[in-house]
Amino acid sequence: MTATPSQLSRAHRRFLGLTASLPAADEHSLALQAIEFAPGSRRRFAEHLATAGMPRSGLLIGHRTGDRLHVHAVLGRGYGWPPAQRLQVDAHYALGAVEAAQQLSGHPMDWVGTWCMPADGRARPAHTDRRIWHRARHLALVSEETVLVTIGHSPERLVLRAWIEEDGQPRALEVVWASAGGGS
């Protein structure tokens, strides 16, 4: 499925600065409540954390169903960005990733958010995510429809938090890990 000019993807609107009418919002549409990661996503995040030493970030590609975002792909952010600009995204890379996902999937795939981790890979307290969230919001990387995911590791486990915007403030989403046999 390829986006048509009347149905530009979120990635086309954000990374190319294109404007087009958005689909009419259903007055009964639900606010996002959860983000569900496809099987293998936890391993992908762990691989990034294992190579800690510089801050990292990237794209989340997926689709929305009701009050849930389904993340099918956890990607890097593109090429050529220095570590100090960890929330910057290579627009060409993002658009190519979305278009490839649309071609390979039966779902209306799009850019659904951004993930990031600190240089040392360690989990931070939830209240410190607010600074990163505000930076992501300033860069138009987070909204009511696009999520910011922060990752890090604690001695016991992977710590992942997902945030969207609600009334100009961060709001946490429930994080769900899909099982290998389950469909999303």
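The values are calculated or read from the model by the stated rules, or taken from the named source; none is laboratory data. Owing to the predicted nature of the structure, the values given are computational and were not obtained by experimental measurement. In this analysis, Cβ positions are derived from the backbone assuming ideal geometry, glycine residues included, and neighbour counts consider all displayed protein chains. Surface areas here come from the heavy atoms of the whole protein model, side chains and all, with no ligands, DNA or RNA. Shrake-Rupley method; radii C 1.70, N 1.55, O 1.52, S 1.80 Å.
Quick one: Kirkwood hydrodynamic radius for region 83-165, alpha-carbon pairs, angstrom, one decimal? Final number for the Kirkwood radius of region 83-165 is 14.0 Å. Here region 87-157 exposes an accessible surface that is 54 percent carbon and sulfur, computed with a 1.4 Å probe and the other protein chains kept in place. Packing order of peptides 109-115, 89-95, 69-75, highest average first: 109-115, 69-75, 89-95 (average count of other Cβ atoms within 10 Å over each peptide's residues). Towards the positive end of the charge dipole of region 89-149, with charges on Cβ (+1 Lys, Arg; -1 Asp, Glu), say which of 115, 127, 141 has the farthest Cα. Going by the Cα projections, it comes out as 127. Each residue of region 114-123 was assigned a 3J(HN,Hα) from its phi angle through the Karplus curve 6.51 cos²θ - 1.76 cosθ + 1.60 (θ = phi - 60°); the sequence is 9, 10, 8, 9, x, 4, 8, x, 7, 5 Hz, with glycine and proline shown as x.
Per residue, region 31-183 exposes an accessible area of 47 Å² to a 1.4 Å probe, with every protein chain left in place. Around the amide H of residue 166, modelled in the peptide plane, lie the amide H atoms of 171, all under 5 Å away and 5 or more residues distant in sequence or on another chain.
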